Structures are given as structure tokens and as C-alpha cells.
Amino acid sequence: METEKQKKYREYAEKAFWTGHYHYMMQALAVAMSHTMVWRLVGNGTAFTLKELFEFAKSEDVKHELTGTQFYMVSREGAIGLSPGLEYLTQWIFVPMEPCEQRDALEKQMREYIEEEEAIENAIEQAVTEGLAREEAEKQARAAAEQAKQEAAIPEIPSIPQSQPAPQDAGVEVVQQSMPQAAPQLPAKYYMAYNNESYGPYTLPQLLQYQIDPDTPIWIDGRNEWIPAAQVPEIASALGFTYQY
């Protein structure tokens, strides 16, 4: 029958598993110990009990905190590995000890040990909590960065047009428009926005010398907002845009 402490460790393991990848070896240990309590060090086969691996993980998390995309990973059998960022690149550090009398004896000792030792319970609980908090903070930071990126992609239209001609080196392409000789000379009341700068005022013939798209922001004296060129009837008509009501 599952004891109260075994139930707590199982709950810690389930909570840690939600994170998928683990920022702390102690957090990975909380998951791995639900599968085994005795491991071997990959490379030389040295045996590590839960108590010994607990002390090692506690020291490792302080000395070598993971950076960048690194994470600890736990296999279904309780092996603990370290990945630089992708699961298939995981290098296993500790693997469960093979079935034998030594493992059975050591696991029995460890079950008795965790029933009496409070420090391991508190440390693992703290590691799991910190890991979840860190993941949530990183999630919020990514969301904020994505929002800032999206906002930066939206060009800011000047609120007040400034009276200045559009210089040739401003990147505004001048195009020659064939205007009827009888075109009326309208007052200079048009402004256009380009690269967050406003240019004008222009008469209609002057304005039409520049490369204007249907979405080019236009300001007309007497209005209180910028509107797309396609919503200005005389511009839409002159440039062949579909007039947008």
C-alpha cells in the first residue's frame, strides 16, 4: 500500500513532469525516483543510490546551472540525461542499475531512508516549484517579446503632417504621370506619409508624381485623420485604384 510520503513523491514527480524538460537535476531526480532508486554512472558504472544522487544533484544545480536551451531529460525507466536543446541529442548521465541482488538490497535501504529523511522531501519540492515558476516566467517573457515584435511591425503614422518637400534620397520614387493639360490647379492641401515621415503640402498633380499605393497614408487639409489613398476619390480615379468607401 502506498504510504503518505510515497504519495507525496509521486505527486512531485507528476507535477515536475508537466514541465516536460527540467531546468534542475533535482527536478529530474524527482521524476526518476518514481521509477528507480539506484543508478549507475554512464562510463564507469559506479553505483549511485538515491541518497548519493540527491547530494550530487544538489551540488550540481548550484555549481552548473543550465543556460540557453539546455535541459535535463528523464527516460521512462528513470535514466537521467542532459540535452543541449533537442531530445535526440540527449547524453545519458545516470542509467538505472540492472536487476540484481545488489540493486534489490540498495532499493530497500533507500525506501527506508526516504521514510525518515525530511531534507530530501523539502529540497525536491523546492526544485519542482522553482522549475515551474521559471518556466512560467520564460513563457510570459516569450509572449511579451512576441507582442513587442508584432507591435514593432506596425508602422506608426505621424499624427501631424509637417510641411516639407519629399527629398529624392528619401526613397520615395518619382513617377511621371501624364496629366491632362486642362487639369485644374487645386490648392496645395495633400500630404503623404512615407517611412514614418510626412511630406507636403502638395497640389493633386504634384502628389501624383510620386509612387503611391492604395494603402499609402494621405492627409487632406480639413480632415482629422490619415486615410489610405484608395479612399480619396480623386487619387483613386487618377491612379486607377478601386475606390474604397
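The values are calculated or read from the model by the stated rules, or taken from the named source; none is laboratory data. Quick caveat, the model's predicted, so the values are computed rather than measured. Counting neighbours? That spans all protein chains shown, and the Cβs are built from the backbone with ideal geometry, glycine included.
Of everything in segment 190-216 that is within 17 Å of Tyr243 (Cβ to Cβ) and crowded, with 19+ Cβ neighbours inside 10 Å, the residue that is farthest from the chain's Cα centre (by Cα) is Leu204. Every condition in (1) out of contact with any strand residue (DSSP E or B) (no Cβ under 7 Å at 6 or more places or on another chain); (2) under 21 Å from Cys100 (Cβ atoms); (3) surrounded by 24 or more Cβ atoms within 10 Å (Cβ to Cβ) holds for Met26 except the one numbered (2).
Of all residue pairs spaced 6 or more apart or on separate chains, those with beta-carbon atoms under 7 Å, a first member in segment 42-57 that is within 13 Å of Ile80 (Cβ to Cβ) and a second member that is in a loop (DSSP other than H, G, I, E, B) are Leu50/Met33; Leu50/Met37. Applying the set (1) assigned to a helix (DSSP H, G or I); (2) closer than 14 Å to His35 by Cβ; (3) not β-branched (Val, Ile, Thr) to Glu112 leaves exactly one unmet item: (2).
All of Lys58, Lys63 fail the test of being modelled with pLDDT under 90, within 20 Å of Met110 (Cα to Cα) and either surrounded by fewer than 17 Cβ atoms within 10 Å (Cβ to Cβ) or not acidic (Asp, Glu) (or both), apart from Lys58.
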